[in-house]
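Worksheet: the structure to be examined is printed underneath.
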Amino acid sequence: MKVEIERKYLVSDDGWREHATIRSVFRQAYMTVAGDRTVRVRTIDDRRATLTVKVRTGPMQRDEFEYDLPYCEALKLIRHRIGVVVEKTRYDVAYGGHVWEIDVYEGAHRGLIVAEIELRDASDEFPLPVWLGREITGEQMYSNQILALDGERG
């Protein structure tokens, strides 16, 4: 089990792109969303897949259980999802001694760009890149599970 502590921000401009290193294409689907917990299937670069269970334990913190899943089984599970498949490309960007993950959404959420930073402790301090917009940590409308469910309606 991993404890996930993260802060999330909207991205205000493309200044991060020149510093991007790793790039991965994700397609993720939610099998269930129930209050403070979710079960998600994610494919990565059309080659591998994971099954993830997350349980919220605080405003910025979740317990995360993640398991490798055969890719062909993930594709079958995705057909049984709730909502829409969330499509995004994730880029890693090093800044100020930290690695930021920049998610550029496609499909139903094209145009949305979100930056997140994972922390060791909720009180960790870090420099804010100039390309960040407003903080959206804890705003449910920007959570991937809500994007999956709302995308079905929107």
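The values are calculated or read from the model by the stated rules, or taken from the named source; none is laboratory data. Since the model is a prediction, treat every value here as computed from it, not as a measurement. Cβ atoms come from the backbone with ideal geometry, glycine included; neighbour counts cover every protein chain shown.
Miscellaneous remarks
- Taking region 8-21 as the range and being in a strand (DSSP E or B) and modelled with pLDDT of 95 or more as the test, the residues that pass are Lys8, Tyr9, Leu10, Val11, Ala20.
- When the residues of region 66-102 are filtered to those that are charged (D, E, K, R) and part of a strand (DSSP E or B), the one that is farthest from Leu128 (Cα to Cα) is Asp68.
- Residue among Ala34, Ala29 that is free of Cβ contacts under 8 Å to residues at least 12 places away in the same chain and among the small types (Gly, Ala, Ser): Ala34
- Residue in region 117-126 that is of a type in the set (Val, Ile, Thr), outside any helix (DSSP H, G or I) and either farther than 18 Å from Gly15 by Cβ or touching a strand residue (DSSP E or B) at 6+ places or on another chain (Cβ under 6 Å) (or both) present: yes
- Residue in region 63-82 that is β-branched (Val, Ile, Thr), under 19 Å from Ala148 (Cβ atoms) and buried (at least 17 other Cβ atoms within 10 Å of the Cβ) present: yes
- Glu87 surrounded by 14 or more Cβ atoms within 10 Å (Cβ to Cβ) and more than 28 Å from Arg120 (Cβ to Cβ): yes
- Residues that are surrounded by fewer than 17 Cβ atoms within 10 Å (Cβ to Cβ) and over 17 Å from Arg79 (Cβ atoms), drawn from region 32-49: Ala34, Gly35, Asp36, Arg37, Ile44, Asp45, Arg47, Arg48
- Within region 77-91, being under 13 Å from the mean Cα position of the chain (by Cα) and among the aliphatic types (A, V, I, L, M) holds for Val85, Val86.
- Residue in region 69-91 that is farther than 18 Å from Arg23 by Cβ, among the hydrophobic types (A, V, I, L, M, F, W, C) and free of Cβ contacts under 8 Å to residues at least 24 places away in the same chain present: yes
- Taken together, the criteria exclude Asp63 from residues that are part of a loop (DSSP other than H, G, I, E, B) and farther than 22 Å from Val11 by Cβ.
- Filter result (hydrophobic (A, V, I, L, M, F, W, C) and touching a strand residue (DSSP E or B) at 6+ places or on another chain (Cβ under 7 Å)) within region 42-74: Ile44, Ala49, Leu51, Val53, Val55, Met60, Phe65, Leu69, Ala74
- Qualifying residue in region 132-139 (condition: closer than 16 Å to Glu6 by Cα, outside any loop (DSSP other than H, G, I, E, B) and in contact with a helix residue (DSSP H, G or I) (Cβ under 6 Å, 6 or more places away or on another chain)): no
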